[in-house]
Structures are given as C-alpha cells and as structure tokens.
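No value in this document is a laboratory result; all are computed from the given coordinates. The shown structure was predicted, so the numbers you read here are calculated from the model rather than taken from an experiment. Note that each Cβ is placed from the backbone with ideal geometry, even for glycine, and that neighbours are counted across all protein chains shown.
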Ligand SMILES: Nc1ncnc2c1ncn2[C@@H]1O[C@H](COP(=O)(O)OP(=O)(O)OP(=O)(O)O)[C@@H](O)[C@H]1O
Ligand SMILES: [Mg+2]
C-alpha cells in the first residue's frame, strides 16, 4: 500500500495567536543557534535552508534511531544522507518533514522550526517518502491534480503546473495512463512530481532511486539537475548507494548508527583518506610470496591478499606502481595486471566506521 499523500494541515482556529508565538519563538531560537554557532560557522553562511542541531530520537523498545545529528544545507544545494539500512536516514527526514517529532535537539527548515511551525514548514517543502504515494487507480495527471487540490491551489494553476511537471520529469507519454501500469522508474518520477506540485523551496527525497536500474537512476537525476537549474531548488536526499551520493550530491553526510561520522563534498571526504589504492593481479602460486615482499617495502600500507588479488595503499600510486612491479620482477614474481585507484566513498566509510559499507537488501519502491 502506498503512503498517504503529504499536504499541509488546514489553518486552525488558533491562527493569529499561534502566529505571534511562532515569530517570538523564531527570534529566540535564532539567538540559540547563533550562540552555539558551530553548525552555522561550518557552513560559513547563516542562510541555511535546512539547519539541524543535535537531533535525537529513540523508538519504543529502546531503538536509538538518531543519536545527536547536526548539519546545515545551503540554498540550492543537493545534500545526501548516506548510510546503510537502519542508519536513521528516514527518521531524520521524517522529523524535518514534520511527520514525527525528535526527542531532543532542534531543526529549522526554510526559516521555520519543525516542531513549533509545522504548517509553515509543510508549505515550504515537498516530501517524497521511501514508499510510493501514488494512487494506482488514477492517471499520473490525476494524481498531480489531486495533490494540488490538497494544497488548496487554484484549478487553472494546478493544471498548468501538472503539465509543466509532466514535461520536466519526462512523463509525457504516460501522463494520462493509470499509474498501475507504470514501471518503477516512471512511478518514482511521478512521486517526485507530486512532491513539487506546490512549488516548494526544499525537496526531501527518501531513497528516490531504490529498486531502480542504473539507467532509470541516472535518468531521474538528469531530470532533477535540470529542474534545479530552472528553479534553484534545495534537495535533501537519503540513499544507500555510494555511487549515487558521489555523483548526485554536492555534499554528503555519512550516517552510521544514528550519528554522522563524516561530512563534506565527495572530493573532500575522499581527500581525507591518505594515498591511493594499488590493486595487483598475481599468479596464484606466487601470491603469498608477493604479499610478503610488498608488505616489507617502505611506504606501503594496508596490504591485503584475496585469492590472487593483492591490494595495498601508497602515497602516490602512479609513482609507486613501477617500483612495486620492478621489486616483484626482480624476485621472479609476475604481475598479470595492475591498477591504481583514487580513494572511493567506500574507503571513506571504512575509515570512519571501521566496517565495510553494507547497504543490505534494498526495499522495493512499489509493487
Ligand atoms: N516506527 C518505528 N518504530 C520502531 N523502530 C523504528 C521505527 N522506525 C524506524 N525504527 C528503527 O529506527 C532505526 C532507524 O530507522 P530508519 O528507518 O530511520 O533507518 P534508515 O536509515 O532510513 O534505513 P533504510 O535504509 O532501511 O530505509 C532502525 O533500527 C529502525 O528499525
Ligand atoms: Mg529509510
């Protein structure tokens, strides 16, 4: 079953009094954030569209989903929360989308406190849940129109916006077909379109490409990049695909057991890992001898042997590789093939958590 559509609550009778309290609260919390300063300074910009400070969340039975996470997302940025199953990514996004509350800490989205100004936050954001939220008995266009009505948008504007999104997200051929017959990729594009009907400033995408083949995944990101260029949208996404975070995100926070263990641009994160990986393919019978020889060479670290594949880390792969091959050759040990690899996000994850990145079985995005 799909998730319920996401829309802002109707304005309540508390109206004006509530609004005044929000303004007061906002001023007070501005001071709070400025005093702590850490997150702001890290960004070098007080205009963060998403500002998260020390969020904590524990579920019944003692599961700690978030153990104090802080980050800031700049306007127009694509920011990825990257982590394996159960890391706490969806919990973080659900708190920011006002769908659940944190036990401690605070967060502001588009200038509004998520706990105290939920209605304003909801008006400013689009939220695409991990599970698809489309009505399978309606067409793509009908789904978009319904979403626009839930936001109390005027009819002509909804129809115009629906046509625009159908075009932007390449749903043209399928827009007037029941979504029951959509492929996973088409349904996910429609989910994204639904999140954008009311022209939000910020889009939360929870695992937007899980279950999609690599081609549909890059097609969706191509559409989103085009959309961002047009509208200056800020995107916060979650993913457990290392390559997706690397390619699609301006900055990445690696989440492990409810904590952020590393944060930065993919290039910055990889630059923290000293040295290049060298991978050598050896003659099986000679592999253990080659490992011992390589491990004894100065400047070589982290030597591992798996079958006939030897991996090690050196400061400058391109300079060191010929020396390695010469040393092995002199000892009568052949190298069948050799490669130098710059550090990947995989290496970053291993470095910060002490264990390899295992995303587990991806969940399906729909039936
Ligand atoms: N409603 C809930 N009740 C109890 N525990 C929950 C609930 N929602 C999440 N959890 C637990 O909180 C932890 C974090 O879950 P969350 O869904 O935020 O992780 P995630 O990083 O989004 O994982 P995935 O990649 O599988 O979507 C997990 O241990 C999960 O089992
Ligand atoms: Mg999740």
Study note, to complete from the structure: Packing-ranked peptide list from 230-238, 153-161, highest mean Cβ count within 10 angstrom first, is 230-238, 153-161
**Study point:** Global geometry of segment 101-225, whether rounded, prolate or oblate, following the gyration tensor of its Cα atoms and the 1.5 cut on a/c
**Key:** oblate
Point to revise | For peptides 338-346, 239-247, 120-128, sequence by mean Cβ density within 10 Å, most packed first | key: 120-128, 239-247, 338-346
